[in-house]
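The values are calculated or read from the model by the stated rules, or taken from the named source; none is laboratory data. Bear in mind the structure is a predicted one, so any value in this text is a computation, not a measurement. All Cβ positions, even for glycine, are placed from backbone atoms using ideal geometry, and neighbour counts span all protein chains on display.
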Amino acid sequence: DIMNSPFPFDTLIMFSWLAIMLIVGVLLRSTIKFFQYFLIPACMIGGIACNMKFNTAMFTCGRSRGCLRDLILTFLRRGGFETQINVVDRATLEDARLRPEHYRDLVVRIGGYTDYFTRLSPGMQEEIIARTEFS
């Protein structure tokens, strides 16, 4: 129940660890249909963002980056309005918490805004690290 959640921010529309096991393209097509048929028409509100989180290990080769590019283009061509891609791993976030002076420019997505990771409270940093677990 998100209304009674002890956490100060939500995740917007994100994919759970179970959904990650499915083909991301299928998820995006379903997301587009959901936006088009069950919510206020995108033209009335400017669109709805689809937030995706990937681990940095997925982008160690050019092929992975090309696949992400194709995924984004397909999403937009099929009527998706905006996608927000977050690429980070747990180790980087934990290191940033221990040595913030080395990560002054590390930006993270929080609910409906972005902020510098090192400026967040320890509790919010811990929550972001916990939510990175599935990526």
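Observations, loosely collected:
- Filtered residue count, the stretch 52-64, keeping only those that are within 16 Å of Gly25 (Cβ to Cβ) and in a helix (DSSP H, G or I): 3
- Verdict on Thr114 being at pLDDT 75 or above, β-branched (Val, Ile, Thr) and either assigned to a helix (DSSP H, G or I) or touching a helix residue (DSSP H, G or I) at 6+ places or on another chain (Cβ under 6 Å) (or both): no
- In the stretch 49-81, residue nearest to Ile110 (Cα to Cα) [restricted to those that are charged (D, E, K, R) and at pLDDT 80 or above]: Arg69
- The stretch 115-135, residues that are buried (at least 16 other Cβ atoms within 10 Å of the Cβ) and among the small types (Gly, Ala, Ser): Ser135
- Filtered by the rule that a residue be surrounded by 15 or more Cβ atoms within 10 Å (Cβ to Cβ) and under 30 Å from Ser30 (Cβ atoms), the stretch 93-114 gives Leu93, Val108, Arg109, Ile110.
- When we screen Ile129, Ile85, Ile72 for residues that are hydrophobic (A, V, I, L, M, F, W, C), more than 28 Å from Gly25 (Cβ to Cβ) and not in a loop (DSSP other than H, G, I, E, B), the only hit is Ile129.
- Sole residue being modelled with pLDDT of 80 or more and of a type outside the set (A, V, I, L, M, F, W, C), chosen from Pro41, Pro100: Pro100
- Note on the stretch 78-109: residues that are among the hydrophobic types (A, V, I, L, M, F, W, C), free of Cβ contacts under 8 Å to residues at least 12 places away in the same chain and touching a His at 6+ places or on another chain (Cβ under 9 Å) total 0.
- Among the conditions (1) of a type outside the set (Val, Ile, Thr); (2) buried (at least 17 other Cβ atoms within 10 Å of the Cβ); (3) assigned by TED's automatic domain parsing to the domain that holds Arg29, Ala57 misses just one, which is (2).
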